[in-house]
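Chemist: Take this structure first; my questions come after.
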Amino acid sequence: MSYKYYILKQFIFLAISLIPFFANCQIDTVHLKEIEVKEKFPLYSVIKRNEIDSLRMMRSISANLGEVLSFEPGLTIKHSGDGSLSTVSFRGADASHTKIEWNGMPVNSNMNGQVDLSLIPACPTDKVNIFYGANSLTTSSGALGGTISLNSANFETIKQSAEIKQEFGSFGLNNSYLGVALGKKSLKSLTSFSYHKSENNFKFQNNAVLPNQEMMQSNAEFDRLSIKEELIYKKDANEFSLHFWQNSAYRKIPLLMTNVFSSRHDETQIDESTRVIACWSYNHNCFRYYIKQGFSYSYLKYNLNQYSGSNLVTFINSQSRENQYYTIIGSRYCITNDIKVNATINYSNQSADILEENYNQGFNIIQNVIDGMINIEITPYKWLNLSVLSRVKKHGEYKPVIIPALFISTQLSKVFQIKTSFSNNVNFPTLNDMYFVPGGNPKLKPENGIQSDMTIEYYSKFGKKITTNEFKSEIGLFYTNINSWILWQPSQFGYWTPQNIRNMISKGIQFNSSLIYNLNKIKIILHGAYTFNIAKAIDDDFITDQLPYLPKHTANASTKINFKNICFNAEEIYTDTRTTSFYNHDLQPLFLTNISASYLIKFKKLSVNTEIRLNNLFNEKYQLVQWRPMPGRNLSISLSIKI
């Protein structure tokens, strides 16, 4: 505690007074022309941020965060079926290089640095923002790939309502959702309950055995329960909020396709987590000050019993617990209309305790992390916006590091904008990297990365005022160079150990476009995305032409047509060839097609929506992870009632 007090004592908050500027004018002055000139080049944020469409968050109550993110360019989702471990990586970086936050509090495990997306339901009340590359430094450091930010709904957008959803589908799919929003004036609450269950007992073609044969996957059940409760109180310029999120999941892990003829195999995993955040913020004109205090607890129990005949040959029973206390203090000031200052300081106390009971091995570690940031935004001209950012981070016993970044936004016209970013970034080793028994390496160096992006954005509205049409499009170039990448390798002692051996260079192009078009009573929504990504690595003088599981080409497209109360949706996903760690066992290119249709009935304040979804329409046989089969054609039917 003395160390925490000492660090916090060094932080001095500088209050900068906001001096209002008064412009005298005559009462009969007409302001229309003046406003028109002032808005000739609308000032957008200099930071590149992609916000997930809320309609996509509500596409299916069975969807987890990974399924929603799979439509975003530059992201690679790696999973092996419903309820399996699901991770996301940006532009060739590792899953541990992706940082995920919930209302500003880190969600990543302190032990392995990753997040299992299958444990995060796609809640329709959440807002999801994606920060690629250097733009992630505005929220946190260490994201050598990028950051995904999950935020609760704003106070103003919460309307009194109640919604219940039920879904049934193939392979034992059973999902339930209940959401209730209450409050009108200064106090509002959001309550959500989400339950997901699936048996995953689908047939698959096993090409890992000779001769190839059709088999049924078994021992792959998954159960997940998620409860959220949020209270928000707003009075004048002050806002108080309390956020609670409880998650629990149980899963069975099936055999690999190569081991289906093995003797009895029991592999299970239990995940539990609790997160609580208390927030206070003060907003007045261009002055903002806020404090967030949070706590998170995670528990994981893994069990493996492997038999040879009737003899137990492999027995693993491990348990791990993580605790994190998190505090963030931040402010935003407008020195003038053209100069803004943002400052934050984060402190977290992290502890981890892991024990493998059979061998009585594990570790118990506590570490402190301090991360301070100052950001100055300058608008010298209406068409030019500059932002200079610097972070200082002290992570555990490592020396403090300085992390700089530069952002430039140029408004070429009302519809064209260019955003550019450059930065250095540092990611520190995880607790498993340093202390895992056996094999941990406390002498590891932090991973260091250089990130740069340039994006050209186009946005326009056209058509009549009543039926406005929208077209958005953007194309971007990116470059990432990561040094001292940590990889686990076999050692001379018979176990694996991590080393700073990889240098990775990733570069490519991203394209994203959407159109909303109204044609009489028909509304058409089109979306398309494409990514070209080359990522080469050097590991101890061994050159990898393309990183495993990273396709050079990925693309997706979707069409949504609304006609009165009927809605039709079609999705197409393309994934290029992916190399694996197995010689001559590349995963072949993949086309996946999903379709759905829904019908909405409205009666006063009551609305009832029924939907039918057909996934993998053409019954493709494929794998996203080597020797882990994915389901073929499958069907689900859902009913939603909202008041």
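The values are calculated or read from the model by the stated rules, or taken from the named source; none is laboratory data. Since this is a predicted model, take the numbers as computed values, not measurements. Neighbour counts are summed over all protein chains in view; Cβ atoms, including those assigned to glycine, are modelled from backbone coordinates with ideal geometry. In case anyone asks, the SASA skips ligands and DNA or RNA and just uses the protein heavy atoms, side chains included. Shrake-Rupley method; radii C 1.70, N 1.55, O 1.52, S 1.80 Å.
Chemist: Given the options Asn424, Ile376, Pro400, identify the residue whose Cα lies farthest towards the positive end of the charge dipole of segment 365-424 (+1 on Cβ of Lys, Arg; -1 on Cβ of Asp, Glu).
Modeler: Result: Ile376, furthest along the dipole toward the positive end.
Chemist: So how exposed is Tyr359, as accessible area in Å² (1.4 Å probe, rounded to 10)?
Modeler: Accessible area, nearest 10 Å²: 150 Å².
Chemist: Now a separate question. When the helix-only estimate is applied to the chain (DSSP H runs of n ≥ 4, each -39,500 (n - 2.57), divided by the residue count), what is the mean residue ellipticity at 222 nm, nearest 500 deg cm²/dmol?
Modeler: The helix-only estimate for the chain comes to -1000 deg cm²/dmol at 222 nm.
Chemist: Continuing with the same structure: I need to check one value: relative contact order of the chain, counting alpha carbon pairs closer than 8 Å and at least 6 residues apart, in percent.
Modeler: Reported relative contact order: 10 percent.
Chemist: Let me ask something else. For segment 171-186, take each phi angle, set θ = phi - 60°, evaluate the Karplus expression 6.51 cos²θ - 1.76 cosθ + 1.60, and give the result in whole Hz per residue in order, putting x for glycine and proline.
Modeler: Karplus-based 3J(HN,Hα) across segment 171-186 equals 6, x, 6, 8, 10, 9, 9, 9, x, 10, 10, 10, x, 10, 8, 8 Hz.
Chemist: Still on this structure, I have one more. Taking θ as phi - 60°, what are the ³J(HN,Hα) couplings along segment 224-234 by the Karplus curve (6.51, -1.76, 1.60), each to the nearest whole Hz, with x for Gly and Pro?
Modeler: 9, 10, 10, 10, 10, 9, 9, 10, 10, 10, 10
Chemist: Using only protein heavy atoms and a 1.4 Å probe, report how much of Val341 is accessible, in Å² to the nearest 10.
Modeler: We get 20 Å² for Val341.
Chemist: Further question on the same structure: Which order do you get for Val313, Val88 if you rank them by accessible area with a 1.4 Å probe, largest at the top?
Modeler: Correct descending sequence by accessible area is Val313, Val88.
Chemist: Keeping all protein chains in the complex and leaving out DNA, RNA and ligands, what accessible area do you get for Asp433 with a 1.4 Å probe, in Å² to the nearest 10?
Modeler: Answer for Asp433: close to 20 Å² accessible.
Chemist: Given segment 425-507 reduced to its alpha-carbon atoms as identical point scatterers, what log10 I(q)/I(0) does the Debye formula return at q = 0.11, 0.16, 0.19, 0.27 Å⁻¹?
Modeler: -0.52, -0.72, -0.86, -1.19
Chemist: Would you mind getting the accessible area per residue of the chain, heavy atoms of the protein chains only, 1.4 Å probe, in Å²?
Modeler: Ligands and nucleic acids excluded, the figure is 51 Å² per residue.
Chemist: Provide the net charge surrounding Ile378, with neighbours chosen by a C-beta distance below 9 Å and charges set as Lys +1, Arg +1, Asp -1, Glu -1.
Modeler: -1
Chemist: If you add up the charges near Ser636, with Lys and Arg at +1 and Asp and Glu at -1, over every other residue whose beta carbon is less than 10 angstrom from its beta carbon, what do you get?
Modeler: Residues near Ser636 contribute -1 overall.
Chemist: Could you tell me which of the pairs Lys419/Lys552; Lys472/Lys507; Lys159/Lys604; Lys99/Lys292; Lys203/Lys252; Lys184/Lys521 are separated by over 27 angstrom between their Cα atoms in the structure shown?
Modeler: As for pairs spanning more than 27 Å Cα to Cα, those are Lys184/Lys521.
Chemist: Continuing with the same structure: Hey, any idea what Rg/Rh is for the chain, computing Rh the Kirkwood way over Cα pairs?
Modeler: Here Rg/Rh amounts to 0.96.
Chemist: Tell me, rounded to the nearest percent, the portion of alpha carbon pairs in segment 277-436 spaced more than 29 Å apart.
Modeler: Value for segment 277-436 (Cα pairs over 29 Å): 45 percent.
Chemist: Still on this structure, I have one more. From the phi of every residue in segment 446-455, what ³J(HN,Hα) in whole Hz does the Karplus formula 6.51 cos²θ - 1.76 cosθ + 1.60 yield, where θ is phi - 60° and glycine or proline is x?
Modeler: My calculation for segment 446-455 gives x, 7, 10, x, 10, 10, 8, 9, 9, 10 Hz in order.
Chemist: Local charge sum around Gln213 (other residues, Cβ-Cβ under 13 Å, Lys/Arg +1, Asp/Glu -1)?
Modeler: That works out to +1.
Chemist: Among rounded, prolate and oblate, which fits segment 215-272 when a ≥ b ≥ c are the square roots of the eigenvalues of its C-alpha gyration tensor, a/c under 1.5 means rounded, and a/b larger than b/c means prolate?
Modeler: Prolate.
Chemist: State the percentage of accessible surface on segment 241-386 attributable to carbon and sulfur atoms; use a 1.4 Å probe and exclude ligands, DNA and RNA.
Modeler: Roughly 55 percent, rounded to a whole number.
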